[in-house]
Every structure is written in structure tokens, then in C-alpha cells.
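Asks: Shown below is the structure under consideration.
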Protein chains: 4
Amino acid sequence: MSQQEPMEQWIQELAKLDDSDVKMTEKQLKIIQAAVEIFAEKGFAGSSTSEIAQRAGVAEGTIFRHYKTKKDLLLSIVAPMVSKLIGPFVWNEFKDVLEKDHSSLEEFLYDMAINRIKFTHKHLKIIKILLQEIPFQPDLKDAFKRQVGMKIFQRLSEIIEYFKSKGEVIDVPTQSVVRFIASSFIGLLASHFILMPDQPWDEEKEIRDMIQFIMNGLSGK
Amino acid sequence: MSQQEPMEQWIQELAKLDDSDVKMTEKQLKIIQAAVEIFAEKGFAGSSTSEIAQRAGVAEGTIFRHYKTKKDLLLSIVAPMVSKLIGPFVWNEFKDVLEKDHSSLEEFLYDMAINRIKFTHKHLKIIKILLQEIPFQPDLKDAFKRQVGMKIFQRLSEIIEYFKSKGEVIDVPTQSVVRFIASSFIGLLASHFILMPDQPWDEEKEIRDMIQFIMNGLSGK
Amino acid sequence: MSQQEPMEQWIQELAKLDDSDVKMTEKQLKIIQAAVEIFAEKGFAGSSTSEIAQRAGVAEGTIFRHYKTKKDLLLSIVAPMVSKLIGPFVWNEFKDVLEKDHSSLEEFLYDMAINRIKFTHKHLKIIKILLQEIPFQPDLKDAFKRQVGMKIFQRLSEIIEYFKSKGEVIDVPTQSVVRFIASSFIGLLASHFILMPDQPWDEEKEIRDMIQFIMNGLSGK
Amino acid sequence: MSQQEPMEQWIQELAKLDDSDVKMTEKQLKIIQAAVEIFAEKGFAGSSTSEIAQRAGVAEGTIFRHYKTKKDLLLSIVAPMVSKLIGPFVWNEFKDVLEKDHSSLEEFLYDMAINRIKFTHKHLKIIKILLQEIPFQPDLKDAFKRQVGMKIFQRLSEIIEYFKSKGEVIDVPTQSVVRFIASSFIGLLASHFILMPDQPWDEEKEIRDMIQFIMNGLSGK
DNA sequence: GATGAATGAGGGTTCATTCAT
DNA sequence: CATGAATGAACCCTCATTCAT
């Protein structure tokens, strides 16, 4: 519930990411809102276009005027999110970091955590939908692997290897290190947004603890 | 596909876990096999009983003679798995470990990893189905939280706190420590079984690396 | 409920009315009992053979060993009742009555009422089933018309005309007079057995009142 | 068959009796027509929606766009009839009659007969359906008892008691008198519309004879 | 004779999609 | 552009009936 208010913002952003730079009509916006909620509640296959139309307050036919099929509607919601998941990893050149001292890795991880938490908070429902549907939509899976998996992996790899070359990261395959970091991040997000969404938490401290754990884990001292 | 061969084994085990110790008929076994495959492929809501019947080589009505509803079929597959997920956490009394030296934690984590990897390998499809359906089946979610979440959390908590009291684990909330460990494990499993199922890996080494990462991360030196 | 006890009696009578003079097995008897109850509760089309089997405590297949089809089962219950409905109309020679004095008509009506009330009480459920199914089973309808409608009509007609010839019944078409009488009888039965089955009633008095009404109505004084 | 022509009239009336005063679409009308015919032919449980759709010349899905369930379709046909069955009993104040002379009872019965015969003629099929389904649909049974049974009974009771107080009706329980009258009426209707629908009859004379029978029967002279 | 697993046609109902208005 | 009635394939499920045991 509390995550809903900022929805209109990014929906409008969605419109801009689409191939069309036409702005969404009000009805279209309501359709997307309704679809997001219902897909998140019941899953794609478990949702009916008629229920979406009803919650959106439009006629059943209206949905199909804007989206050729039900799957089109799903993709229009979920596809723009794929590319945005990489978020801070493609931030303005990270080269600087590589030049800086050891504390910068912590800083980078911290910024990344803050950023991805905000992002998750804002787009929680869509992320849920995306994760639910990836196993069943090969095109989504491919797009995800290519645009998210590979990109993040490469970016992190560069960084890790830089620090490994400086002897500050233990001699463990880079791929594993990436996994350690990613797992920790995802674990944090999943824990607070999905497993225990109602339990309050000290974001700042949790991030710091996690980063300490990661840094210790990697330093190998 | 490659995970199919051992299926008959555990299906027969399923039968024994049921309240009835009656053995399954051959058709029933085929229905379960087909259902597991199709649910894993398309998700529960995306699967049709007629397709299951077809792949099982039985009449559609036959399914409903054994399982009152489609959801019943799902639960008969997925419910027995819930309790088995806790696996080694309820192993024969862990008290011993608590008495032993530091290396025992590593040992425990190692055994746990080996065991859960084997378990995941054996039951991969059903675990996928379970994870996919938990968000949409409140009863599953509850059973999962109660039987898996709580149990594992409590078990790990005891162990963590023991080592914390010995000063061998950094002063971070136990809940977070549990999460670090769980995330690392799940990350390993997801990585090799789901994200890159076809890529060969050195199980032994990966586990050792992960445990080293965790131990370093927690020791805080 | 209270009408159930005498059921076994007439079921055994059913057996004797059948073309086969073989006696029913115990299972067959239970099947009939269960079928009567369920047909009466839910109607023929609304009943399932599996429910009948269950209530009878036999296997589904057992029903079809004794009755080729579900409709056969219905007819085996309902057909023998058809002929018995004419009851006292084929009593041992009524000729006597025709010779006797006017009071005999009353006497005849009284005996008839008593008899049909007992009969209805005993066979209520089956009569309900019969009436429910007559509109949908042409063979039943024909049998009913031929064996019940015509016979009763002819019998009553003779009697009526005898009394008309004596000037004791108003000059109204015999067919109408028959209808007056039949309607009154059926109204009494329906009222007490179907519309208000739980309300106690003074059978004796109700019959007397009804007969008085009929006699007055027909005498035309 | 021969009663079909006036159907469209009252179907349109049905629409007006509904909570919505929206007019029916042409397809909806055809669905109702087909349903009435098939329900009357085979009974509710014995009819299939696919056959109804076929006879109505619409797709099966179309039925469910207008009526949520098959039972809904039944009720939409049969429910409006329930209240209309009481017909002339709620005619504009009957008090006048009570003031008038003895002949008024005859007049009332005559008007009632004429009116109910027309009504039955017009709605025969639906009345059949209603009577067939009342035993199996508790809600229908309740509505019928409350809206029809009680109302008619009370109305007739008042009238009967008035004439009893004037000494013009024999001293028999009012309830019985009501039953005599109702039985005679229903007998007449059943006889001509159901038992012998093809036999021509002199409506006027039959009614007069019946009323004479009733009046004689009640006067007790 | 009795069983009950198996059948497959058919049941009522839902649903994504179309199209005349 | 929006509507919502109409579609018909597909859905889950029930059922009368069969037949190997």
C-alpha cells in the first residue's frame, strides 16, 4: 500500500522509455496501475484482463486498444524495468573509484546499497512480477541475462579484479566474489521487502553491518 | 531433464510421507511425474490438467480420481517438500557441536552445504515449483514460514549465539548473521542450479571458498 | 425419517412384482434404499450413481451389476408403484356397492381415503419421485396414463353414473365430477404430506369434512 | 408448442419487473426463450447450457455474460413468476365484496378462475418449471411459501370467515375450506393444461360447474 | 457376485480477444 | 478513442459406465 504513491511518476517515465515518446492517456495509466497490482497479487497467468479492466475502471476492450495482447501488457510493464535494474553499475564512470584508496570499495558498496534499496522500494511490485515471470518467458529471461546479469557481472568483475591486483581481496575466483556480494545484497533486499515487509529496520546500520561482513569476508585477514 | 532419473525414488518416498502408507499405483506415479514437469515448465496457473493427463498417458478423469482438485495435486507434490527443506538443521542433536572447537562451525556449514546441494539436485523441480507458488498460496506460505523459516532461524540463532558468546563472531545482530549465511548458501545453490545449470563446477572448492568467506566475514579480524 | 422403517417390507414386495421372482440380495436392497432417498432429495437428474453407491455402502460398479443403467434403477423403483396407485379402485368387486344405498358412496369414498392415505404415507418418497419424473420420461407417462389415469377414471365414472341415474348427483359431466373428487383427494394428500408434513392433523375428521364437502357439492340441493 | 406465441410479451414484462428497467437485448431474449423451452422439456438439471445456447443461436459464453450461473438463469425466469402467482388475490380492495350479497362469492370465484386460467395459459411453461424446481431449490420454496402460500391463504381465509359468520358456509375449519377451493381450482387447471392439453373444452361451462360444486359443497344444505 | 480404478464425453464456467456501435 | 456484447476455445471437474481383478 505504502509503495503506491510514487507510482505515477515512474509510469510516466515508462512512457518515455517506450519506443513511442507519446505521453500516456489517463486511462492507459490506470490500466498499468491496475495491471501491476493484480499481476503482483495473483501472478500473470492467474490474472484476468477483465479484472484488470474492472479495477482500472475501463472497458475490457480498452486494454486491447493499447496493448495487443495480455502478454504485451505484461512486457510493457516489466521490460523497462529490466534495464533499470543495473542501476548504479553503469553510473557515470567508475574509473575514479579504481584510482582511489581502499575505502572507496566500501563507499561504492554503500552507495549501491542505498540506491538499490530506494529502487526496490519504489518498484517493488514490478520487481516481484519480473522475478515471477522470468522463468516462464524466455524472451524476458534472455533480456535479463544479457542486460542485467552480464552487465553487472562485468562491472563488478572489473572492480574486484582491481582490488585483487592490489592484494586486498582474497584469492578466490572473481565469479565467486561477485556472487558473495550479490547474494548479500539480494538477501538484504529480500529479507526486508519480501520476507518481513512489516518489520521496521535500521537501514543505515543494516547496510553498514552487511558491508563490514563482506569486507571482512573478502579481505581474508 | 537430467534430474529426472531419481524421481521415482522420492515419489515413492512421498507416498510414505503421506498419512496413508498405501503404495502409489503406476498411473498415480505417472501423473505426479507429468505434473512436476509441467508445473515446473509453465507454472501452476499456466498448466492445464488436460496436458498433464496427456503427458502422463492417462485420461483426464483419472487425475481427479486421485486428487480432488488441481490444487490438491499441487499440494500433494509440494507439501511434503516443505518439511524436508529444513533437512540437516534438525539433524541428530547438534549439542555436540556446541561443545567442540571452533572448527566445528566450519564443519557444520560444510556438511550442511553438501547435504543441501544433494537435496537441491534431487528435488530441483519441486523446489522451483514450491518457490514459484509460495507467493500465491497463503497456506503454503504459512506452512513454509512456520516449518522452514522459523525452524532454521532458531537453529542457526542458537549456534551463532554460542559462538558470539565465545567472542568468535562479530557483534552484529544474530538475525543479520543468519541472513548472511543463508544468503550465501542460497546464492550458491541458485547460481549453480538455476542461473547456470549447464556450467560445470568444482563443488568441493566452491563450498570451501564460500565457507572461508563466511568465516572471515564473521570473525571480524 | 419416520417413514423409513416400513421400507424393507415393500422393497421385498417390489422384488415379487418384478418379472424375476428371485429375491433381492442385501446389497441390492441397500442400493434401492439409498437411491430412493437420494432421488427424492435431489431429483433423478440431480443425483449421481456414485453418491448412491456411497450411501448404500457398495462399490460404484455394484449398482451396474444389478441395473444396467441409472435409468433402469429409477424404473425398477418407480414402475411397480405405478400399478399400485390405482389401489382400492380395483378392489374386489365393487358391484355390491352399486346395489346398496346412498350411504355407500360415502362409505366408498371414506375407505378409499383411508386406504390412499396409508398408501401415501408408506410410499411417500417414491410417489414424489414418480411425480417428479413423469414429465420427463415418456414411457412412465404413458404407463401412468394407461394404468392409472384410465383405470381410475373408468371405475369412478361407472360409480358416478350409477348415482346420477338415481338422481343423487347433479347433472354435470361425469368427467368433471371425477375431477372434483380426485382434486379433493389429492388436495388432502398434498396438503398433509407435502405442504405441511410436520403439522399434526386429525385424519378422521379431515376425511369426514372432505367427504361432506364432496357429497354436498354433488348432491346439488 | 401452441403456447409459445405470446412469450415475447411477458418476457419484456420480465425485464420491467427486474430491478433494472433496462430493456433486454435481442440475444438475451432468445436465451430466455430457449431456456424456458428446454427447462420445461427436460427439467433444470437435465438441461445443458450448451443446448440452450445452441437453440438460442448464441455462443455458450454469451449466456454467462448475462447470467452468472445456470441457476441464475433459472431464477431470472422463475422468480418474477412467483409473485405474480397470487394474481387477483391482491386485487384492488376486496372489502366491497364483503359488503355485498351472497352472489359476490360466486362472482369472486368466477373472476378469479377466468383470471388464473388466462395467466396459466400465458405462462404455462414457466409455471411447470417453477413447480418442478420448487422441491429442489430451498430459496424458491421459501419465496413461494411466503409470497404465494401465505398471501393466498390469508386472503381466502378472510373471505371464508366472513361468509361463515353470515352462516352461509358450513362449520368446517377455514383451512379446510381454503383447501377445497384451491384444490378445485388447481384440479381444473391441471386437468386442462397438463393432463389433457389437446382436448378442447368449454371454459365457461367448466368454470360454472366447478363453482356450483364448490358453492353447494360449502353451503351445506 | 463384488470391487474400484479407469475412462472420456460432456458438464458449467472463464477468458483473451474481436468488432460494431 | 472507448465501449461492452459477443465469441468459442479451453478450462477444471463430474459422471455414468466398463472391466480386469
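The values are calculated or read from the model by the stated rules, or taken from the named source; none is laboratory data. If you're wondering where the values come from, they're calculated on a predicted model, not measured in any experiment. Positions of Cβ are generated from backbone atoms using ideal geometry, with glycine treated the same way; all protein chains shown enter the neighbour counts. Note: accessible area is taken over every heavy atom of the protein model, side chains too, but ligands, DNA and RNA are not part of it. Shrake-Rupley method; radii C 1.70, N 1.55, O 1.52, S 1.80 Å.
Asks: Pick from segment A:55-89 the residues that are within 14 Å of another protein chain (Cβ to nearest Cβ) and within 13 Å of DNA strand F (Cβ to nearest atom): which of them is nearest to residue A:139 (Cα to Cα)?
Replies: Kept after step one, since they are within 14 Å of another protein chain (Cβ to nearest Cβ), are these residues of segment A:55-89: A:59-61, A:70-71, A:74.
Filter again for within 13 Å of DNA strand F (Cβ to nearest atom), leaving A:59-61, A:70.
Values: A:59: 29, A:60: 27, A:61: 26, A:70: 15 Å.
Selected residue: A:70.
Asks: For residue B:39, which of the numbered conditions (1) open to solvent by 20 Å² or more (accessible area, probe 1.4 Å); (2) within 14 Å of chain A (Cβ to nearest Cβ) fails to hold?
Replies: Failed condition: (1).
Asks: Got a number for residues in segment C:112-144 being surrounded by 15 or more Cβ atoms within 10 Å (Cβ to Cβ) and among the basic types (Lys, Arg)?
Replies: Looking only at that region, the number is 4.
Asks: Out of (1) open to solvent by 10 Å² or more (accessible area, probe 1.4 Å); (2) out of contact with any Lys or Arg (no Cβ under 8 Å at 6 or more places or on another chain); (3) in contact (Cβ under 8 Å) with a residue 60 or more places away in the chain, the odd one out for residue B:183 is which?
Replies: With respect to (1) open to solvent by 10 Å² or more (accessible area, probe 1.4 Å); (2) out of contact with any Lys or Arg (no Cβ under 8 Å at 6 or more places or on another chain); (3) in contact (Cβ under 8 Å) with a residue 60 or more places away in the chain, residue B:183 is out only on (3).
Asks: Scan segment D:81-91 for residues that are at pLDDT 90 or above and over 14 Å from residue D:125 (Cβ atoms) and report the count.
Replies: Qualifying residue count, segment D:81-91: 1.
Asks: A further question on this structure: How many residues, within segment D:201-211, are touching a residue at least 60 places away in the same chain (Cβ under 8 Å) and at the interface with chain C (Cβ under 8 Å from one of its Cβ atoms)?
Replies: So the count comes out to 1.
Asks: Quick test of your reading of the structure: residue C:214 fulfils all but one of (1) more than 25 Å from the chain's Cα centre (by Cα); (2) facing another protein chain (nearest Cβ under 7 Å). Name the failing condition by number.
Replies: The one condition residue C:214 does not meet is (1).
Asks: I've got another one for you. Just checking, how many residues over segment A:186-195 are touching a residue at least 12 places away in the same chain (Cβ under 8 Å) and either open to solvent by 60 Å² or more (accessible area, probe 1.4 Å) or among the aliphatic types (A, V, I, L, M) (or both)?
Replies: Residues in segment A:186-195 being touching a residue at least 12 places away in the same chain (Cβ under 8 Å) and either open to solvent by 60 Å² or more (accessible area, probe 1.4 Å) or among the aliphatic types (A, V, I, L, M) (or both): 3 in total.
Asks: Could you identify the single residue in C:171, C:198 that is more than 9 Å from every other protein chain (Cβ to nearest Cβ), open to solvent by 50 Å² or more (accessible area, probe 1.4 Å) and under 27 Å from residue D:132 (Cα atoms)?
Replies: Only one candidate passes the filter, namely C:198.
Asks: Checking the structure you have, find out if any residue of segment B:146-168 is free of Cβ contacts under 8 Å to residues at least 40 places away in the same chain, open to solvent by less than 20 Å² (accessible area, probe 1.4 Å) and either facing chain A (nearest Cβ under 10 Å) or within 23 Å of residue A:179 (Cβ to Cβ) (or both).
Replies: Yes: segment B:146-168 contains one or more residues that are free of Cβ contacts under 8 Å to residues at least 40 places away in the same chain, open to solvent by less than 20 Å² (accessible area, probe 1.4 Å) and either facing chain A (nearest Cβ under 10 Å) or within 23 Å of residue A:179 (Cβ to Cβ) (or both).
Asks: While we're here: Determine which member of the set D:193, D:180 is under 20 Å from the mean Cα position of the chain (by Cα), more than 11 Å from chain C (Cβ to nearest Cβ) and not small (Gly, Ala, Ser).
Replies: D:193
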